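A quick write-up on the structure given underneath.
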Amino acid sequence: MTTSTPRGRPRGFDRDAALDAALTEFWRHGYEATSIATLTKAMGVNPPSLYAAFGDKRKLFTEAVRRYADTHGDYGARALARPTAREAVETLLRLAAAEYTAVHHPPGCLVIDGATNTTDASREVAEELRGYREGTKKAFAEKIAADVRAGLLPGDTDAAALAAFYAAVVQGMSTQARDGASEAELQRLADVALMAWPAG
């Protein structure tokens, strides 16, 4: 009598890998254009498994954005850890230029581009991403203001306006990267933007 070879246990569901796959899809296509069918195919799961693990598409997106902020998008936090506002802004621009053009993931920034072409039904997605951007801009404004108080920047420096200017530069860099700009091109853009820094 022969016995059949027992089948191996099916590979367990890798939640982190599935989340990374979803993150890439949202990053590449944006929230609105990324369908459940696209997500399940990329994640290697069926719809019931997706819902069981992450809830609906909206909740999955929120988790994917958090994952992005802790990984690919942590350059803002890394920049803010620099001693001075000038160093922080330069670090932000340099890291953004490198990250936005890295070849192992979609170009640009999920937090900047993930809510393009959203409808009224997904307006809260746009607000969620705007909250991330506004939080970073506020943190840079506070760091600039601290350097004004410390005498490292002229007393008449408009911290909020300066932070908004560099936020606009970073957002433009993301768009440029999605349009095919190279890291070298974005680094030159950073060079030009840094010329606007107030003389001490």
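The values are calculated or read from the model by the stated rules, or taken from the named source; none is laboratory data. Computed from a predicted structure; not experimentally measured. A quick note on method: Cβ atoms are made from the backbone with ideal geometry, for glycine too, and the neighbour counts reach across all protein chains shown.
Criterion first (at pLDDT below 95 and either in contact with a His (Cβ under 7 Å, 6 or more places away or on another chain) or in a loop (DSSP other than H, G, I, E, B) (or both)) does T24 satisfy it?
no
Determine whether the stretch 96-119 contains at least one residue that is more than 16 Å from the chain's Cα centre (by Cα), surrounded by 13 or more Cβ atoms within 10 Å (Cβ to Cβ) and either in the same structural domain as A81 (by TED's automatic domain parsing) or at pLDDT 95 or above (or both). Can you show your working first?
Of the stretch 96-119, the ones more than 16 Å from the chain's Cα centre (by Cα) are 117-119.
Within this subset, residues satisfying the condition of being surrounded by 13 or more Cβ atoms within 10 Å (Cβ to Cβ) are 118.
Within this subset, residues satisfying the condition of being either in the same structural domain as A81 (by TED's automatic domain parsing) or at pLDDT 95 or above (or both) are 118.
Yes; the residues of the stretch 96-119 include at least one that is more than 16 Å from the chain's Cα centre (by Cα), surrounded by 13 or more Cβ atoms within 10 Å (Cβ to Cβ) and either in the same structural domain as A81 (by TED's automatic domain parsing) or at pLDDT 95 or above (or both).
Would you mention how many residues in the stretch 167-186 are acidic (D, E) and not in a helix (DSSP H, G or I)?
Final tally of qualifying residues: 1.
Considering only residues that are free of Cβ contacts under 8 Å to residues at least 40 places away in the same chain and either more than 23 Å from G180 (Cα to Cα) or more than 13 Å from the chain's Cα centre (by Cα) (or both), which ones fall in the stretch 85-95? First the steps, then the outcome.
The initial filter retains those residues of the stretch 85-95 that are free of Cβ contacts under 8 Å to residues at least 40 places away in the same chain, namely 87, 91, 95.
Result: E87, T91.
Do any helices (runs of 4 or more DSSP H) entirely within the stretch 42-84 hold 1 or more residues that are within 17 Å of the chain's Cα centre (by Cα) and either under 17 Å from H29 (Cβ atoms) or not aromatic (F, W, Y) (or both), and if so, which?
Fully inside the stretch 42-84 and qualifying: 57-70, 75-80.
With closer than 17 Å to P198 by Cα and in contact with a Gly (Cβ under 9 Å, 6 or more places away or on another chain) as the only criterion, which of L129, L95, L153 stands out? Reasoning before the result, please.
Numbers: L129 fails: closer than 17 Å to P198 by Cα; L95 fails: closer than 17 Å to P198 by Cα.
Criteria check complete, one pass: L153.
Filter the stretch 36-65 down to the residues that are small (G, A, S) and modelled with pLDDT under 95, then identify the one that is nearest to A21 (Cα to Cα).
Checked the stretch 36-65; the qualifying residue nearest to A21 (Cα to Cα) is G44.
E134: over 21 Å from W197 (Cβ atoms) and either touching a Lys or Arg at 6+ places or on another chain (Cβ under 7 Å) or not in a loop (DSSP other than H, G, I, E, B) (or both), yes or no? Walk me through it before giving the result.
Details: over 21 Å from W197 (Cβ atoms): yes; either touching a Lys or Arg at 6+ places or on another chain (Cβ under 7 Å) or not in a loop (DSSP other than H, G, I, E, B) (or both): yes.
Against the criterion (over 21 Å from W197 (Cβ atoms) and either touching a Lys or Arg at 6+ places or on another chain (Cβ under 7 Å) or not in a loop (DSSP other than H, G, I, E, B) (or both)), E134 qualifies.
Go through the stretch 87-122 and report how many residues are under 19 Å from D70 (Cα atoms) and in contact with an Asp or Glu (Cβ under 7 Å, 6 or more places away or on another chain).
Summing the residues that are under 19 Å from D70 (Cα atoms) and in contact with an Asp or Glu (Cβ under 7 Å, 6 or more places away or on another chain) in the stretch 87-122 gives 3.
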